[in-house]
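This report concerns only the one structure given below.
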Amino acid sequence: MARFNFEGLFGGARYMLVSFVVLLGQHLILLALVWWSREPTVPPLWIWINPGRELVFGAFMGRESLAAATLPVGVVVTLAADALLIGLAFRRARYVRGPSWIPILTITPVLQLLVITWLAAAPARRGPLEDRPSRAARTVAFGLLAGVGLTLLVVAFSVLLLGTYGYTLFLAAPFVIALVIGYIANRPEQASRLRTSGLVSSAFLLGGLALIGFAFEGLICLVMASPLIALMGWIGALTGRSLAGMGRPGRGTTLASVAVLPILLAGEALAPPRDDFESVESIEIAAPPAAVWDSVVHMGPIPGAPAAPFRWGLAYPMRGEIQGEGVGAIRRGVFSTGVAYERVTAWEPGRRLDFIVLSDPPSLKELSPYEQVNAPHMNGYFRTRDARFSITPLPGGRSRLTLATHHDLDLAPAAYWTPMAQWAVHANKQRVLHHFRRQAEAGREDVGATPATSIPE
């Protein structure tokens, strides 16, 4: 079987045979490990397409047998198979004049079957063939492979193992990974800034696809984090390019810079990021305080669909109901991602309603081909502590309804993530307040007619 290198050329039939033997062998081993655990949790179709995802999913969802035994074996098998697939694809891509980045797609679930088939069926290029690929082509392949591999390792260590979303993950890691890629790409011969940045961007894009493929993340989180990651990646890419141009430091020293990331991540896990903010929103309503109060305590369903990006997965309020009256009553707020349970702490009809939040629903539902994504940030990293409704009478039989809330956010850097959270809170509050105004101004007497059992769990 072919070694992981870029030497020699490969005919179509031989390439397809060897590649599918490697791919099928990898899948059979991983499938044996998954079924040995006797706890498959995804449909058989997805197990066949991406069995490595099931190993990762099981290991980080508390299956001790997977975490202790099968996951290390699965990682070794996957890395060995991926190295072989990339080496084979690179040699075949040279034979058919394929782009230098195409071999990376042979380790991407679903796409790998299509890419292997295309490379095998593509006609050979005409003219004399060089047996040895160019340095530039080799560095592109190594740079992409390093970027994808480091991205997966850093995210797995930070998110799945430590549960930390902080400065190291969003600032230090993209910078260091891009620095390594930029150094590798420019060490043999100096490349342009545009080409270096393009290689880093391609590596991050493929890394993002790999994160989605292994259910480490969903599309929404990656899109939200992409501006910050792109900025740090661009700085790191140019830094790596400059270091390579100066002829120092050595390759080992540059690659060893990756070793600082686990240390930073572990230190950040001991003191995880914490931020909090308060949000206050008001609206004037052409109705007396009694009508506004009735609307607040008998919320009912909120009509109409929300605007993007809430339609894509961010949590938004759908309805609410208070069971009982007075202090101690339980309020249930139904969101698009689940139910929030709250306990009333102040009950002054026509004036004030306060409650503390006992449990929050997930902050979003990720866009992913999988029903469940291993992204801890969806639940518990954004929390609402309490909410306070106050009703102020205004001249002419009008009222002002104010909603104040207090929130915690365990993401860093806060200067980047907090404004996003504040905007989402603002949009959701406007949705709720406008609903209360419509109900109060309509003067409906049946706003509380919805029975408590109608709210889905």
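Please treat every number below as a calculation from the coordinates, not as lab data. Just so we're clear, the structure is a prediction, and the values are computed from it rather than from any experiment. Ideal geometry is used to build each Cβ from the backbone, glycine not excepted, and the neighbour counts take in all protein chains shown.
Worth pointing out:
- Gain upon complete extension [residue 343, residue 194; 0.36 nm per residue less C-alpha separation]: 48.0 nm
- Highest average packing first - 191-197, 432-438, Cβ atoms within 10 Å: 432-438, 191-197
- For the range 275-450, the relative contact order comes to 32 percent (Cα pairs under 8 Å, sequence separation of at least 6).
- For the peptides 175-184, 227-236, the ranking by packing is 175-184, 227-236, with the highest mean count of neighbouring Cβ atoms within 10 Å listed first.
- By average C-beta atoms within 10 angstrom, highest first, the peptides 301-308, 205-212: 205-212, 301-308
- 3J(HN,Hα) along the range 357-367: 8, 7, 7, 9, x, x, 6, 6, 10, 5, 7 Hz, from the Karplus curve 6.51 cos²θ - 1.76 cosθ + 1.60 with θ = phi - 60°, whole Hz, x for Gly and Pro.
- Shape category assigned to the range 164-238 from the gyration tensor of Cα positions, a/c cut at 1.5: prolate
- Working note: Karplus 6.51/-1.76/1.60 with θ = phi - 60° gives the range 199-216 the couplings 5, 5, 4, 5, 5, 5, 5, 5, x, x, 4, 5, 4, 5, x, 8, 6, 6 Hz, where Gly and Pro are set to x.
- Here's the picture: charge each Lys and Arg Cβ at +1 and each Asp and Glu Cβ at -1 in the range 275-450, and of 433, 333, 322 the one pushed furthest to the positive end of that dipole is 433.
- Between the beta carbons of residue 269 and residue 153, assuming R0 = 25 Å, the FRET efficiency works out to 0.95 to the nearest 0.05.
- Approximate shape of the range 246-390 as ellipsoid semi-axes (Cα gyration tensor, √5λ), whole Å, largest first: 44, 18, 15
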